[in-house]
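Data first, discussion second: the structure below is written as structure tokens.
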Amino acid sequence: MEGFLAQLLNGLQYGLLLFLIGSGLTLIFGVMGVINLAHGSLFMIGAYLAYVVATLTGEFWLAPPAAVLGGLAFGALLERGLFRKFREREHLDQVLLTFALILLFEEARAALLDNQFHAVAVPPSLDFSIPVTGGFAYSAYRLAVLAICLAVAAVMFAFVERTRIGASIRAAAENPEMVDLLGLDARSIHTLVFAAGTALAMLAGALAAPLQSVYPGMGDGFLILSFIVVVIGGLGSIAGAFWAALLVGSIDTLGKVYAPQIAGISVCVLMAAVLLWRPNGLFARG
Amino acid sequence: MTRPGARGNLWLGLAALALASMPLWAAPWHMQLASTAAIAAMFALSLQLLAGGAGLISLAHAGFFGLGAYSVYLLGGGRSIFLTLPAAALLAGLAAAATGYLALRTRGFYFLMTTLAFGQMLFFLFHDTPLGGGADGVFIARPDMIWTVPKAARPVVFLLLNLTILTAMYLFLWKLMGSLFGHALSGIRANEDRMRAMGHDVAGLKLTAFVLAGALAGVAGHMAAVTDAFVSPELLGWHHAAEALLMILLGGIGHLHGPILGAFALTAIREVGQSITERQRLVEGLAILAAVLLLRRGIAGLRR
Amino acid sequence: MPSISRRSVLGGSLAGAGTLALPPLALPPLTTPALAQPAVLRIGLMLPFTGTFAALGEAIASAFNLHLKELGGKMGGRTVELVRVDDESDPAKAPSNVNRLLGREKVEALVGTVHSGVVMALVQAAREQQIPLIIPNAGNVAATRELCAPSVFRSSFSNWQPAYGMGKALAAKGIKKAAWVTWDYAAGKESAEGFGDGLRAGGAELTKVLTLPFPETNFQPLLAQLPGLGVQAVGSFFAGGGAIQFVKDYAAAGLRDKLPLCGSGFLTEGVLKAQGAAAEGIQTALHYGDGIDNAKNTAFRAAYKATTNRDADVYAVQGYDAAQMLAIGLAGTKGDAAAAKELSAAIRAAKIDSPRGAFTISASHNPVQTIWLREAKNGENRVIGAAAEALADPGTGCKAA
């Protein structure tokens with residue numbers, strides 16, 4: 001039973017990281033209708049940014065804010081420079097665009113840095129472990145990531161649910177045409193949402209860097225998982241993404257423990273089952 | 001999705017003849033490259049029936065391609081192509097029937113992700129169980145083709161064979177899209193609810209298209225297995241399905257022949273990219289970016 | 001049709017540009033007849049130059065090139081030209097990439113690769129067309145067991161070998177029960193088998209194998225199970241990013257003091273710096289390590305550092321030895337790459353003077369080599385003894401031998 005609790009903690013922590021990536025994805029899709037395949041690359045860019053910042057300054061804690069600010073700027077730039085031109089185009093053209101971005105980001109990474117593995121040290125203040133159950137301890141940094149993810153989730157909910165801008169984002173995600181009817185500035189909302197989504201993915205990357213190390217293609221695995229999170233939660237729903245992320249994190253973790261032979265597809269089976277039961281995800285409205 | 005008219009078909013036919021004449025003037029490597037492109041074109045064309053035809057974007061399609069490829073291995077290798085080809089189509093079609101029956105309950109992006117899940121389950125079946133010979137892939141003895149093909153003649157024989165099957169597949173789909181069935185599919189793509197209101201059996205039509213497309217993907221996979229004599233689980237993975245989609249989009253999703261142009265163009269872009277630089281992804285990325293920025297309807301839409 | 005030689009790295013300074021043009025061909029046989037050898041011998045290096053394994057591909061290629069330079073750019077009396085193809089570690093593209101090397105680039109010998117799925121396509125071509133192939137990394141046992149062939153050689157290891165060494169060394173230390181943690185794929189299974197065989201050889205047993213899907217790195221669910229298994233030690237097979245994270249997570253989970261971690265050498269190979277203090281003291285077994293005291297190794301490390309500005313690792317050694325083996329084989333046939341029998345006989349008869357220590361090639365064409373026991377210390381994998389000497393892969397099912 002003790003082991004089971006430790007595993008639930010594992011699932012929670014993994015799920016919350018997935019939420020950071022998935023929440024940006026679901027917002028971007030909900031508001032802009034863009035299926036952003038390059039979201040995993042943004043995660044990777046955040047991790048490399050953390051590596052560069054930590055190496056240059058020797059202070060890891062500068063990296064997460066740098067990822068957020070850099071993400072906001074980079075996301076706004078991408079939206080204004082590229083995605084805006086694609087607003088009237090078919091969804092699939094946008095998919096093609098994000099696919100090209102994956103290739104270009106990957107090449108840029110290889111050209112600017114190299115193809116080696118790089119470690120990002122866990123910040124010294126958190127470089128210790130806390131015993132959880134008999135013989136198994138939890139790293140303090142992992143717990144800190146868990147706390148940061150929860151805090152970010154709370155801030156996001158407060159922002160989306162309680163502020164005026166948040167209300168327009170919700171309106172845009174639920175009914176893109178309504179934004180125009182209400183006289184809201186759809187263009188600024190798009191820029192804001194894409195910037196925020198990019199910042200979230202890059203923050204997730206920066207936070208994951210000390211856990212994962214940084215290496216080429218490190219975002220690939222997360223891309224599909226976070227799409228699964230988004231779909232199970234219902235497109236455009238932040239609350240859906242939150243609960244779905246926790247569900248996916250737990251199923252993935254428990255699958256590895258209790259059914260290792262099929263752990264590779266446990267999450268796929270989960271998604272298929274959910275969608276056959278509720279074809280628009282768990283939290284789809286309307 | 002529009003079908004090329006008589007003139008368009010004439011041009012396509014001339015291009016096919018030019019490729020078929022390669023043994024007279026091209027090196028074996030270029031014939032092999034053309035074979036690879038032709039197989040990719042079959043795969044993309046089979047997906048086009050769903051994507052351009054009915055507006056269904058499926059990521060399970062590589063699973064059916066891979067099943068077709070693996071059927072050659074599962075039948076024991078060295079069998080007659082007249083046995084393995086129908087078997088591949090049948091196996092892939094059956095899998096598509098089961099997948100489509102379930103996945104078609106969802107729509108849009110949810111459909112895309114449901115098919116991704118089913119595709120990955122098929123991938124898993126071959127990657128993580130001993131059924132298909134393991135994660136590293138397996139060699140297969142090439143099927144008999146009436147007579148045994150000498151090694152040196154393989155590039156020629158496979159090029160002609162692949163071109164023939166690609167042509168047949170194209171003509172079949174050309175006919176199909178001009179039929180009542182094709183028009184009904186186009187109607188579903190334009191407005192599914194209206195078609196339902198008009199009394200069409202939308203679910204049945206979609207499933208038929210899904211199964212047909214799956215069987216054709218199986219044929220493409222079969223040709224890949226026969227040509228390469230090597231199959232690996234990656235053939236079933238979603239990356240491979242996404243590649244077919246990339247070819248369709250590059251070539252033009254609004255045109256029946258778009259995938260063929262896309263497949264040959266992407267193969268050429270990669271070949272050039274690999275020849276001039278080790279940063280081939282840069283070339284590929286820039287080419288796609290240019291295509292998406294400049295060509296609004298893919299290569300096939302250039303003439304408008 | 002002009003051949004574009006942008007990617008063709010000239011082995012020596014001697015290769016003439018005039019030989020680059022392809023002869024016009026109608027339906028040529030795919031191998032060059034021995035009678036009319038062109039002056040230039042083209043060798044295809046099919047390796048990952050992009051993606052997760054890019055650093056490995058670079059190390060292998062650089063070291064291969066290093067030995068080629070030492071030979072004055074020649075093998076078997078012929079000037080060598082290297083043709084690089086990036087295999088992207090993608091098995092789906094492998095047949096096409098092999099065709100490119102054989103058909104377009106007209107290479108007469110193949111070297112590659114890292115990914116064990118991609119290597120299958122190379123093995124197939126080598127078997128079908130009797131083109132000599134040296135595998136400079138991929139350790140899937142099949143290549144030198146049931147799929148062994150006169151033209152297929154390996155300069156690296158079989159997945160079974162290092163894990164066997166580790167198991168044997170562990171048993172010798174008095175460990176009775178151990179577990180193995182790895183990815184659920186062929187290399188993982190084969191290494192688990194080797195670990196179990198090694199433990200059994202010393203009277204111990206492998207009681208549990210834990211796996212997770214390749215290439216996932218969410219290890220926490222596995223780590224939390226380890227304390228309850230009732231074993232005295234944990235062995236593992238991971239590489240690259242997975243290895244870094246596994247070692248760090250293992251330490252952070254507080255398991256290091258209770259359950260010593262060991263493994264196939266790839267666990268700490270080329271990633272020690274990234275693992276930092278978490279790797280300190282971990283024992284691994286591999287066919288190479290730091291502090292192997294022989295003249296060849298000293299010279300090799302100095303030369304590799306001088307040309308690449310990087311420290312040599314096991315991948316570089318494997319690439320270097322791939323060049324040595326191919327050169328020995330070609331010397332035995334006077335540069336005729338198509339003379340499979342003679343080439344094979346020359347390599348089989350040779351003692352390869354490797355930086356890892358001299359080794360020979362088994363009947364199934366896998367190295368018979370010492371597996372060193374190493375301990376991670378101050379960023380190095382210090383060799384502390386031999387885990388298994390002159391260890392040969394069982395070679396089960398090899399009929400060509």
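Quick notes on this one:
- Residue that is surrounded by the most Cβ atoms within 10 Å (Cβ to Cβ) [pool: residues in segment B:1-41 that are polar (S, T, N, Q) and within 23 Å of B:A224 (Cβ to Cβ)]: B:S35
- Of all residues in segment A:86-101, those satisfying the criterion of being within 20 Å of the chain's Cα centre (by Cα) and more than 8 Å from every other protein chain (Cβ to nearest Cβ) are A:Q94, A:T98.
- Filter pass, C:T207 being within 10 Å of chain A (Cβ to nearest Cβ) and hydroxyl-bearing (S, T, Y): no
- Of all residues in segment A:6-20, those satisfying the criterion of being at the interface with another protein chain (Cβ under 9 Å from one of its Cβ atoms) and within 14 Å of A:Q212 (Cβ to Cβ) are A:Q13, A:Y14.
- Filtered by the rule that a residue be crowded, with 21+ Cβ neighbours inside 10 Å and touching a Leu at 6+ places or on another chain (Cβ under 7 Å), segment B:253-284 gives B:I253, B:L256, B:H257, B:P259, B:I260, B:G262, B:L266, B:R281, B:E284.
- Meets criteria (touching a Phe, Trp or Tyr at 6+ places or on another chain (Cβ under 8 Å), over 19 Å from A:P260 (Cα atoms) and basic (K, R)) for C:R200: no
- Of residues in segment B:1-24 being part of a loop (DSSP other than H, G, I, E, B) and in contact (Cβ under 8 Å) with a residue 12 or more places away in the chain, the one farthest from B:L47 (Cα to Cα): B:P4
- Qualifying residue in segment B:215-231 (condition: more than 15 Å from the chain's Cα centre (by Cα), free of Cβ contacts under 8 Å to residues at least 40 places away in the same chain, part of a helix (DSSP H, G or I) and surrounded by 24 or more Cβ atoms within 10 Å (Cβ to Cβ)): yes
- Taking segment C:345-364 as the range and being under 17 Å from C:A331 (Cα atoms) and either among the basic types (K, R) or part of a loop (DSSP other than H, G, I, E, B) (or both) as the test, the residues that pass are C:R348, C:A350, C:K351, C:D353.
- Top-ranked residue of segment C:87-97 - restricted to ones that are in a helix (DSSP H, G or I) and more than 7 Å from chain B (Cβ to nearest Cβ), ranked as nearest to C:A138 (Cα to Cα): C:A94
- Of the residues making up segment A:114-137, those that are modelled with pLDDT of 85 or more and closer than 24 Å to A:G219 by Cα number 4.
- Of all the numbered requirements in (1) crowded, with 23+ Cβ neighbours inside 10 Å; (2) within 28 Å of A:R187 (Cβ to Cβ), A:G33 misses one, and that requirement is (1).
- The residue list A:G197, A:G281, A:G240, A:G236 contains one member that is at the interface with another protein chain (Cβ under 9 Å from one of its Cβ atoms) and either in a helix (DSSP H, G or I) or crowded, with 24+ Cβ neighbours inside 10 Å (or both), which is A:G281.
- Among the residues of segment C:52-72, none qualifies, meaning not one is under 27 Å from C:S364 (Cα atoms), within 8 Å of chain B (Cβ to nearest Cβ) and part of a helix (DSSP H, G or I).
- Selected residue (criterion: farthest from the other protein chains (Cβ to nearest Cβ)) from residues of segment A:140-156 that are free of Cβ contacts under 8 Å to residues at least 40 places away in the same chain and farther than 14 Å from A:L207 by Cα: A:V155
- Of all residues making up segment C:236-262, the number that are assigned to a helix (DSSP H, G or I), within 27 Å of the chain's Cα centre (by Cα) and on the phi < 0 side of the Ramachandran plot: 10
- Single match in C:R100, C:R84 (criterion: at the interface with chain B (Cβ under 9 Å from one of its Cβ atoms) and either part of a helix (DSSP H, G or I) or over 21 Å from A:E107 (Cβ atoms) (or both)): C:R100
- Taken together, B:G137, B:G187 contain a single residue that is within 30 Å of C:Q130 (Cβ to Cβ) and not hydroxyl-bearing (S, T, Y), which is B:G137.
- Segment B:42-51 - residue that is in contact with a Ser or Thr (Cβ under 9 Å, 6 or more places away or on another chain) and within 12 Å of B:M247 (Cβ to Cβ) and, of those, surrounded by the fewest Cβ atoms within 10 Å (Cβ to Cβ): B:A51
- Within segment C:243-289, the residues that satisfy the criterion of being of a type in the set (S, T, N, Q) and over 16 Å from C:L223 (Cα atoms) are C:S264, C:T268, C:Q275, C:Q283, C:T284.
The values are calculated or read from the model by the stated rules, or taken from the named source; none is laboratory data. As the structure is a prediction and not an experimental result, all values here were calculated from the model. Backbone-built Cβ (ideal geometry, glycine too); neighbour counts: all protein chains shown.
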